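Enquirer: The structure that follows is given in the form of C-alpha cells.
No value in this document is a laboratory result; all are computed from the given coordinates. All of these numbers come straight from a predicted model, not from anything done at the bench. In this analysis, Cβ positions are derived from the backbone assuming ideal geometry, glycine residues included, and neighbour counts consider all displayed protein chains.
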C-alpha cells in the first residue's frame, strides 16, 4: 500500500517537529531520522547557485588601473616564461658544444684546424679564436707585454663575453620575481578600496556585498604570486647551471692557454 500524498508544507512541519524531538533526546525510528536528514539537506543546498565574481568580472567591471595591473602581470609572466625556455635551450646547446669540444678539439693537428671544426656560434670557438688572434697580434706595442700575460688577458676578455651572453635575460627573471608580488598587492589594495567606497556609497554593508568584491580583489595577489614564484625558481636554476657551464668554459680556456704558450703558431 503506497503512502498518501502529503503537501510540502506538512512534510516540512513534520520534519521540523522530528528535529526538535531529536534535540530533546527523544528516540526516533531510523526512517524518521533519514527523513529529517533529507529535509535538512534539501533546505541547505543551494539550487543552481552561480558565482558572479571572478577574473572576467574583474576585467569587465574594473577601471583602467585594475586592467593595467592585470595586463602588466600577464606580460611579466609571459616574459619570464619566454626567457626561461630560451635560456634553457641555450644552455642545453652549450652543453652539447662543450661535449663536442672535449671530444674532438684536443685530438686535432693544430689549434686552427680544431677551431674550424667547432660550430660558428659556439662559445668554445669564440675562445679559441681569441687565443689565435692574441698570438697573431702580439707585436708592436702589444709585444712589450709578456706573451703569457697578453694571452691571459685576451682569453679572460673572451670568457667574460661568454659569461655576459649566458647571463643575459636573468635580470628580467630577478625583476619579475621581486616586483610581481608587490604589483599584485597594489591591484588588491586598489580593488578593495573601490569595493569599500562602493559599499559606503550604497549604504549596505551586508556580508554578500563585502565578501564578494574583497575576495575578487585578492585575485590580483594570486596572479602576482603566480608570476613571481616560477620566475624566482627559474632564476635560481638557470644561475646554478650557468655556474657549471662557466666552469667548463674556464677550464677549456686554461687548457688552451697552456697549449698556445707551449707551441705558439708562427
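Enquirer: Once you put a point 7 Å from the Cα of residue 107 and another 7 Å from the Cα of residue 262, both along the Cβ direction, what distance in nm separates them?
Expert: For residue 107 paired with residue 262, the spin-label model returns 1.8 nm.
Enquirer: Over the stretch 55-262, what relative contact order in percent results from Cα pairs under 8 Å that are six or more residues apart?
Expert: 32 percent
Enquirer: Taking the Cα-to-Cβ direction at residue 139 and at residue 74 and moving 7 Å from each Cα, how far apart do the two end points lie in nm?
Expert: Those two pseudo-labels are separated by 6.1 nm.
Enquirer: Now, a different point. With an 8 Å Cα cut-off and a minimum separation of 6 or more residues, compute the relative contact order for the stretch 54-162 in percent.
Expert: Result for the stretch 54-162 is 16 percent.
Enquirer: For the stretch 55-262, max minus min Cα coordinate along each principal axis, in Å, sorted largest first?
Expert: Over the stretch 55-262, Cα extents along the principal axes are 88, 36, 21 Å.
Enquirer: Tell me, what is the FRET efficiency for residue 243 and residue 175 to the nearest 0.05, using R0 = 30 angstrom and their Cβ-Cβ distance as r?
Expert: Between residue 243 and residue 175 the formula returns 0.90.
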